[in-house]
Amino acid sequence: MMRLATALPFCHLRALEPADVDILYLWENDPEVWRVSGTTAPLSYQRIAQFVEEQSYDLYATKQMRLIIECEGKAVGTLDIVEFDPQHLRFGIGILIYAPEARRRGYAHAAIDAIADYARNTLALKQIWASVAADNTASIALFEGCGFTRCGTRTSWLRRADGYIDQHEYQLLL
């Protein structure tokens, strides 16, 4: 099992466990989450259980990894590693702190600090990147607060009910 320590006491990143299927089913099927995840249809319980069962923690083989952000013994969110690129020594991340009462408590910041430490010291990577919708002010503040710099903007990139919005690209050089 992979456990990455964070700066917050009683808070860490860990591998998916079979017991996480129920909570992932809730989170993945919440249309509020879809707005930032790009999901457009519900996922079955069976599909999520299969994903958890088949989750490989061989980043070099799968190029992706989902970790649970656990604080004080409770799963509060997920951190996804995406598009791992061993040639260029980088990966992207996406982060979710699900419950509104768990937000703005430092959990996401601690998770990003832990994954940056893992990327730097275990994988010897050069950078981490993230894509953030221009209207997601909380995520913009989070990534900038973690030392990420805005390196570009994709104009009219994301479709919303009332039109298109920009997407900002961020990177953290390690």
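The numbers here are math on the coordinates, done by the rules we state, and not lab data. Quick caveat, the model's predicted, so the values are computed rather than measured. As a convention, Cβ positions derive from the backbone with ideal geometry for all residues, glycine included, and neighbour counts pool all protein chains shown.
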> Would it be correct to say that S131 is under 16 Å from S37 (Cβ atoms) and outside any strand (DSSP E or B)?
Replying inline: no
>> I need the full set of residues from the stretch 150-173 which are touching a helix residue (DSSP H, G or I) at 6+ places or on another chain (Cβ under 9 Å) and loosely packed, with under 15 Cβ neighbours inside 10 Å, in order please.
In response: R150, R160
> Picking from A124, A138, which residue would you name as being of a type in the set (G, A, S), exposed (fewer than 14 other Cβ atoms within 10 Å of the Cβ) and outside any helix (DSSP H, G or I)?
Replying inline: A124
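Results for (1) out of contact with any strand residue (DSSP E or B) (no Cβ under 9 Å at 6 or more places or on another chain); (2) over 15 Å from A108 (Cβ atoms); (3) among the acidic types (D, E), shown as yes or no for each residue.
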| position | (1), (2), (3) |
| --- | --- |
| H12 | no, no, no |
| I23 | no, yes, no |
| V36 | no, no, no |
| Q46 | yes, yes, no |
| F51 | no, yes, no |
| A61 | yes, yes, no |
| V76 | no, no, no |
>> Just checking, does the stretch 29-44 include any residue being among the hydroxyl-bearing types (S, T, Y), in contact with a Lys or Arg (Cβ under 9 Å, 6 or more places away or on another chain) and touching a residue at least 12 places away in the same chain (Cβ under 8 Å)?
In response: no
> Residues in the stretch 156-170: is at least one in contact with a Cys (Cβ under 9 Å, 6 or more places away or on another chain) and aliphatic (A, V, I, L, M)?
Replying inline: no
>> Of the conditions (1) over 12 Å from the mean Cα position of the chain (by Cα); (2) in contact (Cβ under 8 Å) with a residue 60 or more places away in the chain, A111 satisfies every one except a single condition; which number is it?
In response: (1)
> Which of (1) under 15 Å from the mean Cα position of the chain (by Cα); (2) under 21 Å from F143 (Cβ atoms) is the odd one out, the single condition C71 does not satisfy?
Replying inline: (1)
